[in-house]
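Before any comments, here is the structure.
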Amino acid sequence: MTAFDIHLVPCFTDNYVPLVRDMATGTVAIVDPADAGAVSAALDALGWRPSIILNTHHHPDHVGGNLELKAKYGLTVIGPRNEAARIPGIDRPVGEGDSVAIGGQTGAVLDVPGHTAGHVAYWFEGAEVVFVGDTLFAAGCGRLFEGTPEQMWHSLNKLADLPGNTLVYCAHEYTESNMRFALAVDPENAALRVRDVSVRAARRHDEPTVPTTIAVELATNPFLRADKPDFARAMRMSGEDPVAIFAATRKAKDNFR
Ligand code: ZN
Ligand code: FE
């Protein structure tokens, strides 16, 4: 079943902006428009007219296109309630428990603080898609600019609990460098080694590694594996609290070259 037609617009050096069209109604949403110029050019080429922006958090590479696109298309800007003051042009602040619609598809808003304090994700259960911004990346996670390891671990687990076949759209192509770190800390992970072959092949052909799936991330993403005994052993932290293991992993990544 394909409910959405999703087109990824590359922006700047490594951002992806998903353009999401509900096949049944033709309604189009833009997730985190980094740059108005690149996004409108892609919309025009597709012949799509957007009516909604969904923002996950306030960083400029996620909201930078809001005002220009709103002026051009007259669309509705939906974004996180807990950082509404920093979302340009916001019309509808949302948070955990709210739902949003793209045409006939309904999405649940999930609070996923950690990268920023008010970060949200949008989970479209029927379409089997989640838009996660800079919380979860393919084989990685966002840096903790405004949150604690405990908050981020909790946020990541909310995403990890979604159905395994859910397509995960994150906002950056960071996968190759994430994989280098993942293999360094979790070298015995067979699924990770298999994934490395496909990531390298995709990047060699300049293909995106996004979307990924929850199942792939559960098997290979070190930041979702802090509660797994084999990962704790690899980190030489057997028996320690998952939050401590997650925090140590995040810190190691911050310092990894
Ligand atoms: Zn960000
Ligand atoms: Fe970002």
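Out of curiosity, is residue 91 open to solvent by 10 Å² or more (accessible area, probe 1.4 Å), of a type in the set (Asp, Glu) and free of Cβ contacts under 8 Å to residues at least 12 places away in the same chain?
It is false that residue 91 is open to solvent by 10 Å² or more (accessible area, probe 1.4 Å), of a type in the set (Asp, Glu) and free of Cβ contacts under 8 Å to residues at least 12 places away in the same chain.
Residues of region 186-238 that are more than 27 Å from residue 128 (Cα to Cα), open to solvent by less than 50 Å² (accessible area, probe 1.4 Å) and outside any loop (DSSP other than H, G, I, E, B): 231, 232, 234.
Among residues of region 127-143 being crowded, with 24+ Cβ neighbours inside 10 Å and on the phi > 0 side of the Ramachandran plot, the one that is farthest from ligand 1 (Cβ to nearest atom) is 139.
The conditions of being open to solvent by less than 40 Å² (accessible area, probe 1.4 Å), at pLDDT 95 or above and over 17 Å from the mean Cα position of the chain (by Cα) are met by residue 39. Kindly establish whether residue 15 is touching an Asp or Glu at 6+ places or on another chain (Cβ under 6 Å), under 26 Å from residue 114 (Cβ atoms), modelled with pLDDT of 95 or more and open to solvent by less than 50 Å² (accessible area, probe 1.4 Å). Taking the combined requirement at face value, the residue satisfies it.
Could you list, in sequence order, all residues of region 31-55 that are closer than 15 Å to residue 8 by Cβ and either hydroxyl-bearing (Ser, Thr, Tyr) or within 16 Å of ligand 1 (Cβ to nearest atom) (or both)? The answer is 31, 32, 33, 34, 35, 54.
For region 63-81, taking the residues that are open to solvent by 10 Å² or more (accessible area, probe 1.4 Å) and of a type in the set (Gly, Ala, Ser), the one that is farthest from ligand 2 (Cβ to nearest atom) is identified as 74.
Among the numbered criteria (1) open to solvent by 50 Å² or more (accessible area, probe 1.4 Å); (2) touching a residue at least 40 places away in the same chain (Cβ under 8 Å); (3) in contact with a Phe, Trp or Tyr (Cβ under 9 Å, 6 or more places away or on another chain); (4) not in a helix (DSSP H, G or I), which single criterion is violated by residue 168? Unmet for residue 168, out of (1) open to solvent by 50 Å² or more (accessible area, probe 1.4 Å); (2) touching a residue at least 40 places away in the same chain (Cβ under 8 Å); (3) in contact with a Phe, Trp or Tyr (Cβ under 9 Å, 6 or more places away or on another chain); (4) not in a helix (DSSP H, G or I): (1).
Inclusion of residue 159 among residues that are more than 16 Å from ligand 2 (Cβ to nearest atom), aliphatic (A, V, I, L, M) and either assigned to a loop (DSSP other than H, G, I, E, B) or farther than 16 Å from residue 62 by Cβ (or both) is warranted. The set of residues in region 108-124 being touching a residue at least 24 places away in the same chain (Cβ under 8 Å) and either open to solvent by 20 Å² or more (accessible area, probe 1.4 Å) or more than 16 Å from ligand 2 (Cβ to nearest atom) (or both) consists of 110, 111, 113, 117, 123, 124.
Specify which of the listed residues (150, 146, 96) is within 22 Å of residue 248 (Cβ to Cβ), more than 16 Å from ligand 2 (Cβ to nearest atom), surrounded by fewer than 22 Cβ atoms within 10 Å (Cβ to Cβ) and of a type in the set (Asp, Glu). That would be 150, the only listed residue that is within 22 Å of residue 248 (Cβ to Cβ), more than 16 Å from ligand 2 (Cβ to nearest atom), surrounded by fewer than 22 Cβ atoms within 10 Å (Cβ to Cβ) and of a type in the set (Asp, Glu).
Scanning region 42-62 for residues that are open to solvent by less than 10 Å² (accessible area, probe 1.4 Å) and within 29 Å of residue 147 (Cβ to Cβ), which turns out farthest from the chain's Cα centre (by Cα)?
This residue is 53.
Would you call residue 211 farther than 16 Å from residue 253 by Cβ and free of Cβ contacts under 8 Å to residues at least 24 places away in the same chain? Here the answer is no, as residue 211 does not meet what is asked.
The values are calculated or read from the model by the stated rules, or taken from the named source; none is laboratory data. Everything numeric here is computed off the predicted structure, so don't read it as measured data. Ideal geometry is used to build each Cβ from the backbone, glycine not excepted, and the neighbour counts take in all protein chains shown. Each accessible area value is taken on the protein alone, full model and side chains, heavy atoms only, with ligands, DNA and RNA left out. Shrake-Rupley method; radii C 1.70, N 1.55, O 1.52, S 1.80 Å.
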